[in-house]
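One structure below.
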Amino acid sequence: MEHCPGVESSKGGRPRVLSEADKRYCVRKVTKGRVSNAVKVTKLLEEAFLIKVHPETVRRALRTAGLGA
């Protein structure tokens with residue numbers, strides 16, 4: 001913002017479905033061996049946090065964290 005140099009302005013765009021904590025939850029479930037794929041993680045997210053998210057979104061988060069082929 002031009003008039004308030006210390007204030008961060010919004011970058012715009014669509015808000016993220018998964019927070020950083022949600023992404024860590026997904027990674028932890030896979031690395032601890034509790035679930036084996038993104039579809040199962042998606043179901044866990046829906047049951048635990050009532051977050052409806054597409055399995056591809058979870059797959060992308062896992063890939064970004066260094067998991068997946």
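Only the coordinates and a few stated rules stand behind these numbers; no lab work does. Computed from a predicted model, the values in this text were never measured in an experiment. Neighbour counts run over all protein chains shown; Cβ positions are idealised from the backbone, glycine included.
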| In Hz, Karplus ³J(HN,Hα) per residue of the stretch 12-19 (6.51, -1.76, 1.60; θ = phi - 60°; x = Gly, Pro) | x, x, 6, x, 5, 6, 9, 6
| remark: The long-range amide H neighbours of Ala65, using H built 1.01 Å from N in the peptide plane and a cut-off of under 5 Å, are none
| request: Scan (i) 59, 33, 18; (ii) 77, 30, 20; (iii) 50, 25, 17 for the value of Cα extents along the principal axes in Å calculated from this model and give just the label. | output: (iii)
| For the stretch 25-41, 3J(HN,Hα) per residue [Karplus equation, 6.51 cos²θ - 1.76 cosθ + 1.60, θ = phi - 60°, Hz, x = Gly/Pro] | 4, 4, 4, 5, 5, 6, 6, 7, x, 6, 9, 10, 8, 5, 5, 5, 5
| task | Could you go through the stretch 56-68 in sequence order and give the Karplus-derived ³J(HN,Hα) for each residue, using 6.51 cos²θ - 1.76 cosθ + 1.60 with θ = phi - 60°, rounded to whole Hz, and x for Gly and Pro? | result | 5, 5, 5, 4, 4, 5, 5, 5, 4, 7, x, 9, x
| request: On a C-alpha basis, how far is the centre of the stretch 16-31 from the centre of the stretch 36-61 in Å? Whole number, if you could? | output: 9
| message | I want to make sure I understand the PRE zone here: with the label point 7 angstrom from the Cα of Arg60 toward its beta carbon, which residues in the stretch 13-38 have backbone N atoms less than 12 Å away? | response | 14-18
| field | Percentage relative contact order, the chain, counting C-alpha pairs under 8 Å, at least six apart | value | 25
| task | Would you mind checking which residues have amide H under 5 Å from Ile51's amide H? H placed 1.01 Å from N; only 5 or more apart, or other chain. | result | Glu46
| message | Test of understanding: what is the full-extension gain from Glu46 to Leu67, defined as 0.36 nm times their sequence separation minus their Cα-Cα distance? | response | 5.5 nm
